[in-house]
1. Show me the strands (runs of 3 or more DSSP E) entirely contained within the chain in which 1 or more residues are touching a residue at least 24 places away in the same chain (Cβ under 8 Å) and open to solvent by 100 Å² or more (accessible area, probe 1.4 Å).
2. Among the listed residues Glu31, Glu70, Glu18, identify the single one that is at pLDDT 80 or above and over 10 Å from the mean Cα position of the chain (by Cα).
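The values are calculated or read from the model by the stated rules, or taken from the named source; none is laboratory data. These numbers come from a predicted model, not from an experiment. In this analysis, Cβ positions are derived from the backbone assuming ideal geometry, glycine residues included, and neighbour counts consider all displayed protein chains. Just the protein is used for accessible areas: all its heavy atoms, side chains included, with ligands, DNA and RNA removed. Shrake-Rupley method; radii C 1.70, N 1.55, O 1.52, S 1.80 Å.
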Amino acid sequence: RENYSASTQSLLQKWLREKHHLIIIIAYQYEHDSTSYSYWIYKENNSLPINQWVNDLNTYEEALELGLQEALKLI
């Protein structure tokens, strides 16, 4: 049996921020009894997002996971 180490979402988020200056922000939206999350990816020191996703993501973790995956594609 092989073992693999895997980073947690928070460690990956920190690594992307510190090493690649990519900031992932998760937003919560509430509208007429429905909730959703979205993410934005910013390059540090830039006020405009370089990637964003606004959709019916059901959990914070789901939005963060998608944001992390998209940020990894940018490096």
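1. Details: elements: 22-31, 34-43, 49-57.
Correct list: 22-31.
2. Working: Glu31 fails: at pLDDT 80 or above; Glu70 fails: over 10 Å from the mean Cα position of the chain (by Cα).
Within the list Glu31, Glu70, Glu18, the selection yields Glu18.
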